[in-house]
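Colleague: Sharing a structure with you now.
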Amino acid sequence: MSFAATKFINEKTEELQKKISSTKKTLIATSGGVDSMTCAMLARKALGKNFTVLFLDDGLMREGESGEIRKYFDSIGLELQIWDVKEQFFAGLKGKIDPEEKRIAFRDIFYKTLGQAARSYSVDFLIQGTIAADIAETQKGIKTQHNVLSQIGLNPVHFGLKVVEPLRELYKHQVREVAKKLGLPTKFAERKPFPGPGLATRIIGEVVPERVDKIRAVTKIVESTITGAGIFQVLAVLMNDKATGMINGKRLYGDIIAIRAVESKDALTAAPSRIPWATLFKARDKILAEVPGVVKVVYDITPKPPSTIEYI
Ligand code: XMP
């Protein structure tokens, strides 16, 4: 049965208007991903300009992220607030190797900084782009998704907030339909999923600025080279292990990059994409030519399950 996006939008608009009166202040933190951007579009329909959109620049985003988002919000007459919180995030992630420890650290800093923002804007409500898959993954105890508040024992009241999650019944493909119906440009509505903890999920081992810069450069290459209608998500991961290589005739114990591209409908299961060799070789060549220190590039052929899509 096809999903009734218009009906959903009308219901949620009414719900938001009922919940959030015009005297209340509302905050949406956007990462530029389709979920939070759709929340912003819904809020715009329901609340006009009576809300604040915030981009927390945590230093873990892809290249050029905040500029593109700001440009779009400017074009629809909404002012994007940008907070530089890189130092807090790198300090909190320092020395963390274990994947769950990294996720928990990210989550804690995220809500701490978001709480600071909420207090500084004196907001009453936080609209959050949690979707059904986030809830399912956290319920199964697979990994700590950064955005499922109620299930992680985190009380938003401690942060002085009421949380509203208008997309919590939807899966990604349904969110995209809603986004397009709300007029969000295709480049945002069709954007591939990118996890909240950003490039921290693309690094095995410690998350430090130099390693983030490296995987940011690789991410730009794989995202621009490996494209195709059937691909749900394409990503690259910096391994913690090293491998022996040869650069300009000299031995180098260098970095290993794994590329992963998957097909999926709802992110709950996924199959590796059958990327043409020529495309993979193009990505490999660019990585080796443009990202110093990389000596190996591998392609991941594992389905989910047993693998998850991300590496941490
Ligand atoms: P996994 O790795 O669990 O990922 O197979 C399923 C989907 O969720 C994304 N993902 C996240 N999204 N916060 C998010 O907003 C997170 O903490 C998070 N972890 C994973 C992942 O990119 C994939 O699309």
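Colleague: Which one of 21, 118, 89 has its Cα pushed farthest toward the positive end of the charge dipole of the range 1-125, where Lys and Arg give +1 and Asp and Glu give -1 at the Cβ?
Modeller: Among 21, 118, 89, the one farthest towards the positive end of the dipole of the range 1-125 is 21.
Colleague: Still on this structure: State, as an integer percentage, the relative contact order of the chain based on alpha-carbon contacts under 8 Å between residues 6 or more apart. Mind showing how you got there, number by number?
Modeller: On the way: 534 pairs, mean separation 53.3, N = 312.
The normalised contact order for the chain reaches 17 percent.
Colleague: If you project the alpha carbons of the range 1-117 onto the principal axes, what extent comes out on each, in Å, largest first?
Modeller: That works out to 47, 35, 29 Å along the principal axes.
Colleague: Scan around residue 247 for amide H atoms under 5 Å from its own, H built in the peptide plane at 1.01 Å from N, and keep only partners 5 or more places away or cross-chain.
Modeller: Here 252 satisfy the definition.
Colleague: Of 40, 261, 229, which is the most mobile in a GNM of the chain whose springs link Cα atoms less than 10 angstrom apart?
Modeller: In this elastic network of the chain, the residue with the biggest mean-square fluctuation among 40, 261, 229 is 229.
Colleague: Taking the Cβ of each residue in 53, 164 as the centre, tally the other Cβ atoms inside 10 Å and list the residues starting with the fewest. Intermediate results must be reported in sequence, preceding the final value.
Modeller: Working: 53 24, 164 21.
Ascending number of Cβ neighbours within 10 Å: 164, 53.
Colleague: Where does helix 277-290 land angle-wise versus the long Cα axis of the chain, in degrees 0 to 90, nearest 10?
Modeller: Roughly 90 degrees, rounded to the nearest 10.
Colleague: Also, quick follow-up: Return the Cα extents of the chain along principal axes one, two and three, sorted largest first, each rounded to a whole Å.
Modeller: So the extents along the principal axes, rounded to whole Å, are 68, 44, 39.
Colleague: Provide the percentage of antiparallel DSSP beta bridges, counting only those with both residues in the chain; round to the nearest 5.
Modeller: Counting DSSP beta bridges with both partners in the chain, the antiparallel share is about 45 percent.
Colleague: Of 259, 306, 287, which is farthest on the positive side of the dipole of the range 245-312, counting Cα position, with +1 on Lys and Arg Cβ, -1 on Asp and Glu Cβ, and the Cα centre as origin?
Modeller: Result: 287.
Colleague: GNM on the chain, C-alpha springs below 10 Å: top fluctuator among 273, 22, 66?
Modeller: Comparing 273, 22, 66 in the GNM, the peak value goes to 22.
Colleague: If you line up the long axis of helix 5-19 against the longest principal axis of the chain, both from Cα atoms, how many degrees apart are they, to the nearest 10?
Modeller: The helix 5-19 is inclined about 60 degrees to the chain.
Colleague: For the range 258-293, which trypsin sites (Lys or Arg not before Pro) are both in a DSSP coil and crowded by at most 11 other Cβ atoms within 10 Å?
Modeller: Qualifying residues, ordered by number: 265, 274.
Colleague: OK, next. Multiply the residue gap between residue 240 and residue 192 by 0.36 nm, knock off their C-alpha separation, and tell me the result in nm, one decimal place.
Modeller: 14.8 nm
Colleague: May I ask for the angle, rounded to the nearest 10°, between helix 34-47 and the longest principal axis of the chain, with both axes built from Cα atoms and the value confined to 0 to 90°?
Modeller: Tilt of helix 34-47: around 20 degrees.
Colleague: Let me ask another. For the chain, with a Gaussian network of springs between Cα atoms less than 10 Å apart, report the residue from 240, 50, 248 with the top mean-square fluctuation.
Modeller: Most flexible of the set in this elastic network: 248.
Colleague: What is the set of long-range amide H partners of residue 162 at a cut-off below 5 Å, with H atoms built 1.01 Å from backbone N?
Modeller: 125, 126
Colleague: Follow-up question, since we're still on this one. Can you give the FRET efficiency to the nearest 0.05 for residue 71 and residue 290, using r as the Cβ-Cβ distance and R₀ = 30 Å?
Modeller: The pair residue 71/residue 290 has a calculated efficiency of 0.70.
Colleague: Continuing with the same structure: List the relative contact order of the range 201-312 as a percent without decimals, with contacts defined as Cα pairs under 8 Å and 6+ residues apart. Display every interim value, and only then the final one.
Modeller: Values: 190 pairs, mean separation 33.2, N = 112.
Relative contact order comes out at 30 percent.
Colleague: For the range 188-231, which GluC sites (Glu not before Pro) are in a loop by DSSP, counting at most 14 other Cβ atoms within 10 Å?
Modeller: Sparse-neighbourhood loop GluC sites (Glu not before Pro): 190, 206.
The numbers here are math on the coordinates, done by the rules we state, and not lab data. Here the structure is a predicted model, which is why all the values come from computation and not from measurement. Positions of Cβ are generated from backbone atoms using ideal geometry, with glycine treated the same way; all protein chains shown enter the neighbour counts.
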